[in-house]
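K.L.:
First the structure, then my questions, so here it is.
Just so it is clear, none of the values below were taken in a lab; they were calculated from the coordinates. The structure presented is a predicted model; accordingly, all values stated were derived computationally and were not measured. Ideal geometry is used to build each Cβ from the backbone, glycine not excepted, and the neighbour counts take in all protein chains shown.
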Amino acid sequence: MIYYVCEPKKIIKTGLILVLILAGCWLFLKFYLMQEQPQVNVEVDVKQSEKTHLLNDVKKQEFFVDCRLTRDRIRSQQMEVLKEIAANTASSSETRDQAQRGLMKLTERSTLEAELEKLVIALGFKDAVVMLQDTAANVIIQQNSLTDSEKDQIRDVVVRVTDLQADDVFITCKP
């Protein structure tokens with residue numbers, strides 16, 4: 001076994017030196033970090049034409065959002081009426097059945113519209129709104145104009161997903 005014999009004065013001196021070094025480091029870091037760092041001002045120069053372009057894009061998006069909100073609001077009102085009829089025990093069973101079928105039809109139509117909008121956007125168009133009726137479909141595309149092949153692509157998607165004929169699909173451009 002090896003024994004180290006240390007004098008108490010050496011231990012105290014070493015401890016004090018360590019405490020002084022740590023305190024010095026702490027004070028240095030404290031004052032260094034508390035100093036104000038110079039502020040960096042970044043100015044972004046956006047040209048007026050870019051601002052106008054961004055504003056126009058927002059307005060275009062608002063149209064499509066507004067179409068969807070209006071469609072969904074009307075659909076919700078229709079569903080509320082049908083739910084009341086379906087839940088009303090005073091209504092005949094035939095009327096309640098019709099209301100339930102109407103609810104299912106509206107739900108199915110909403111699902112198809114959302115699916116078609118995503119499929120049309122997947123074709124490479126910026127945005128689209130699809131409004132389905134019993135015998136027709138209206139598709140509004142965010143684009144200045146469409147070629148015949150682009151219209152055919154859109155019609156093919158709508159015909160494939162719904163039971164409609166190509167002649168029953170109406171496509172409109174909204175720049």
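K.L.:
From zero up to wherever the largest Cα-Cα distance of the range 52-173 sits, split into 10 Å bins and tell me the percent of pairs in each.
P.N.:
Going out from 0 Å in 10 Å bins, the range 52-173 shows 12, 37, 28, 15, 6, 1 percent.
K.L.:
Within the set Lys118/Lys151; Lys105/Lys174; Lys83/Lys118; Lys105/Lys151; Lys126/Lys151, which residue pairs have Cα atoms separated by over 24 Å?
P.N.:
Result: Lys105/Lys174; Lys83/Lys118; Lys105/Lys151 exceed 24 Å.
K.L.:
Same structure, new question: Can you give the FRET efficiency to the nearest 0.05 for Cys173 and Thr107, using r as the Cβ-Cβ distance and R₀ = 45 Å? Walk me through the numbers before you get to the answer.
P.N.:
Working: r = 29 Å, r/R0 = 0.65.
Result of the calculation: an efficiency of 0.95.
K.L.:
Follow-up question, since we're still on this one. When DSSP assigns beta bridges and you keep just the ones with both residues in the range 52-173, what percent turn out antiparallel, to the nearest 5? Present the calculation step by step, with values, prior to reporting the outcome.
P.N.:
On the way: 5 of 10 bridges.
Counting DSSP beta bridges with both partners in the range 52-173, the antiparallel share is about 50 percent.
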